[in-house]
Amino acid sequence: MFGCLVAGRLVQTDAQQVAGDKFVFNLPDYENVNHVVVFMLGTVPFPVGMGGAVYFSFPDPVGGQVWQLLGFITNDKPSAIFKISKLKPGEGADHPFGMMAAPHIASMAQVGVSIEPLEQLVQQTPVSGASVSAVDSFLQFTQKMLDSLYNYSSSFAISQSQMTPNPSEMFIPATCILKWYENFQRRMAQNPNFWKT
């Protein structure tokens, strides 16, 4: 039903079912892992109105497991990337794994998936720092938009000698568009959120 990709090198599709609606993946060598991808295999969808809350647990040989909510997956959003490198052991909240005897090895972290109602999933707050920033996709979009605007406007470029006077049309020098394009790129590279101020 689920798969787990650890830092682009280990794919697991053999989640241990620890209850009728709860599954666990073991994460060996978790100290060297920055991101975890949890995905549906496409063989069995969630029941209607349900999704999967994704949790992470650091190994804790003394005090038991502490689970941290990372986010969720659904039939409409069948995969998600979570950053685990900035999570801190011992920080956790209420979780559906409770005192369940989820088989764990004292030196191994775990990712858990709990099947829960969608309306409950959207109201939960993931642990701070778990979600992957949308800045990368925003930067990609912005770069594509800049390229498109420049290419589109350049396709209409004509030299001054080719221009025929038309009092109803306004012309913008291509150098102005190019200068704006270069300035915008520079500012995005310095601070992707500059446009918010």
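The values are calculated or read from the model by the stated rules, or taken from the named source; none is laboratory data. Since the model is a prediction, treat every value here as computed from it, not as a measurement. Neighbour counts run over all protein chains shown; Cβ positions are idealised from the backbone, glycine included.
Listed by first and then second residue, the pairs linking a residue in segment 159-186 that is free of Cβ contacts under 8 Å to residues at least 12 places away in the same chain to a residue that is aromatic (Phe, Trp, Tyr), with Cβ atoms under 8 Å apart and 6 or more places separating them unless they lie on different chains, are Met163/Phe171.
Out of Ser128, Ser107, I need the residue that is at pLDDT below 70 and not β-branched (Val, Ile, Thr). Which one? Checking each option against the conditions leaves just Ser107.
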